[in-house]
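One structure is given here, and the rest of the page talks about it.
The values are calculated or read from the model by the stated rules, or taken from the named source; none is laboratory data. Keep in mind that this is a model prediction, so the values were computed, not measured. In this analysis, Cβ positions are derived from the backbone assuming ideal geometry, glycine residues included, and neighbour counts consider all displayed protein chains.
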Amino acid sequence: MRHGCTPWPEEFADRYRAAGYWTGRTLGGLLRDGADRFADRTAVVSGDRRWTYAELDGRADRLATGLARRLDLAPGDPVVVQLPNTAEVLEVVFALFRIGALPVYALPAHRSAEVSHLVAATGARALVTASAAGFDHVGMALRVAEEAGGPRSHVVDAAPGAADAPREGAVALEALRSDTVDPGVFTAPDPADVAFFQLSGGTTGLPKLIPRTHDDYLYSVRASADICELGPDTVYLSALPVVHNFPMSSPGFLGVLYAGGSVVMAPDPSPATCLGLIESEGVTLAAAVPPVALLWLDAVERGAESGRDLSSLRMLQVGGAKFAPEAARRVAPVLGCRLQQVFGMAEGLVNYTRPEDDEATVTGTQGRPISPDDEIRIVRPDGTEADPGEPGELLTRGPYTIRGYYDAPVHNARAFTPDGFYRTGDVVRLTPTGHLVVEGRVKDQINRGGEKIAPDEVEDHILAHPDVHDAAVVAMPDAYLGERACAYVIPREGGGALTRPVLLRFLRERGLASYKIPDRVEVVPEFPATGVGKVSRRDLRAAIADALARPAERA
Ligand code: OOB
């Protein structure tokens with residue numbers, strides 16, 4: 001396995017192979033199989049473009065040839081992929097898989113702070129991106145590539161039409177699609193080795209890299225496709241950035257391509273766009289985070305999208321953050337489809353409510369694990385096992401849950417038990433039927449409508465401001481997003497006037513993803529302390545929740 005990655009112990013690997021979970025196939029092979037079986041069916045719809053399986057497969061081959069020959073990308077080379085929801089995402093990732101290069105997935109919302117970290121942490125040889133949603137991603141990638149130490153990474157502009165208006169220093173993806181295919185560039189990667197890197201939501205410091213193997217990921221994809229009852233008639237809408245684990249593999253676009261269905265790329269999650277696509281494309285399955293699902297429910301209830309025929313939609317998946325039971329109960333009557341709750345993590349474990357589950361289970365739990373070999377432990381703060389039904393921290397290990405973050409031995413010693421269980425940081429309880437209910441969190445993370453924020457990553461950026469003495473970022477309740485971020489800041493004595501706009505501009509200029517910019521800033525003379533003199537985040541959370549509960553403050 002790649003240096004810096006933690007393999008499963010041999011006895012576990014043998015067991016997962018014997019059970020038929022790890023089949024020795026590769027992600028590049030998934031599309032090749034699809035092209036053999038479903039050649040003329042539609043694989044992807046993106047704006048007014050539709051590619052069949054054969055077309056997507058051919059494009060991936062031609063791009064693979066160009067990437068290997070023109071950019072000299074080789075097996076094992078990491079490549080940062082930061083793309084909006086377009087057909088090119090699929091073309092790019094399968095081209096990379098075919099030459100054995102490793103995608104490093106960045107969200108479109110990530111900015112230079114995150115992207116330069118990814119380049120530095122992996123030694124990425126190239127960045128594939130496209131400017132979208134009013135932001136110049138290509139310009140940012142060029143600056144990141146310029147400023148990175150070591151050999152300069154290539155920047156590939158994947159926007160359609162980029163070849164007509166080339167950016168200095170960038171190469172257009174269109175220009176890389178070779179006219180002919182050179183099968184000599186294709187490699188057969190070891191299925192047990194790393195296929196790509198996902199980004200962790202993070203609890204401390206900079207985001208950690210999650211190495212996933214062909215074997216483990218393909219198992220989660222196949223099993224998810226079965227659980228979600230996908231088939232060639234599935235039309236899947238991704239209202240989330242497709243490079244996130246949920247729309248990629250739960251069952252996501254990979255599950256849909258495995259089953260021969262079609263992937264519809266939603267350029268944005270708005271009700272107008274998504275409900276419109278559900279109607280025009282005959283979408284059968286859609287995936288959303290809770291705030292997006294709420295927007296759709298509200299729009300339909302208000303009659304804002306009246307006259308839309310949503311009858312093709314059979315199932316709405318909601319996950320990434322807790323979906324309140326009250327909201328969950330509205331899905332079937334308002335949208336006329338079933339709900340599936342998805343509680344997953346890029347580190348591995350994914351739980352689904354099942355199509356055969358009763359109403360109370362679907363609306364009141366976050367599902368049960370994919371695999372009979374997903375091992376679940378629920379533990380008290382002192383590490384002892386919780387009683388049945390008692391909430392505790394969820395620990396897990398299994399055939400598609402990593403054994404370690406990439407190149408992070410110190411962090412791994414905390415995040416995993418000595419016998420390989422991942423400490424999820426989620427507080428759950430188990431129902432008598434084996435379903436999990438997410439009750440809260442012990443990890444220091446803010447879940448802003450599914451987008452994860454590590455408070456100390458943001459605090460480090462705030463502390464870089466010359467007028468700041470100390471900073472603490474905590475979650476505050478929010479009816480729509482579930483949580484938002486509030487920054488408490490102590491100004492430096494004798495420093496300049498520290499105001500919210502000044503601080504927010506400073507954070508933006510440091511290149512922090514927009515969802516990590518605090519929603520609220522409270523300038524205070526001191527922080528409440530715990531008994532041992534540490535900053536009491538609990539008191540800060542309670543203080544801001546109290547303040548928000550007072551009507552004047554909410555306004
Ligand atoms: C998904 O993956 P990540 O890596 O962005 O975030 C994982 C964390 C979990 O540890 C948990 O804290 C939270 O997000 N979470 C949920 C949830 N789904 C995720 N909390 C409550 N209820 C849920 N349904 O978010 C992700 C990955 C694959 C599939 C679905 C979601």
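General remarks:
- The lone criterion from (1) assigned to a loop (DSSP other than H, G, I, E, B); (2) within 27 Å of the chain's Cα centre (by Cα) left unmet by A43 is number (1).
- Matching residues in the range 420-450 - criterion: being of a type in the set (S, T, Y) and not in a strand (DSSP E or B): T431, T433
- Taken over the range 244-258, the residue count meeting the criterion of being aliphatic (A, V, I, L, M) and surrounded by fewer than 24 Cβ atoms within 10 Å (Cβ to Cβ) is 0.
- Taking first residues from the range 528-540 that are within 12 Å of A472 (Cβ to Cβ) and assigned by TED's automatic domain parsing to the domain that holds Y488 and partners that are charged (D, E, K, R) and modelled with pLDDT under 90, the Cβ contacts under 8 Å between residues at least 6 apart in sequence or on separate chains come to R537/D444.
For every residue, the table says whether it meets (1) within 14 Å of the ligand (Cβ to nearest atom); (2) under 24 Å from E356 (Cβ atoms).
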site: D226; (1), (2): no, yes
site: S238; (1), (2): yes, no
site: M248; (1), (2): yes, no
site: G252; (1), (2): yes, yes
site: Y258; (1), (2): no, yes
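- Members of the range 442-466 found to be free of Cβ contacts under 8 Å to residues at least 40 places away in the same chain and surrounded by fewer than 17 Cβ atoms within 10 Å (Cβ to Cβ), listed by number: L463, P466
- Test: V138 is more than 20 Å from M248 (Cβ to Cβ) and among the aliphatic types (A, V, I, L, M): yes
- Residues that are touching a Ser or Thr at 6+ places or on another chain (Cβ under 9 Å), crowded, with 16+ Cβ neighbours inside 10 Å, part of a loop (DSSP other than H, G, I, E, B) and not charged (D, E, K, R) are absent from the range 290-302.
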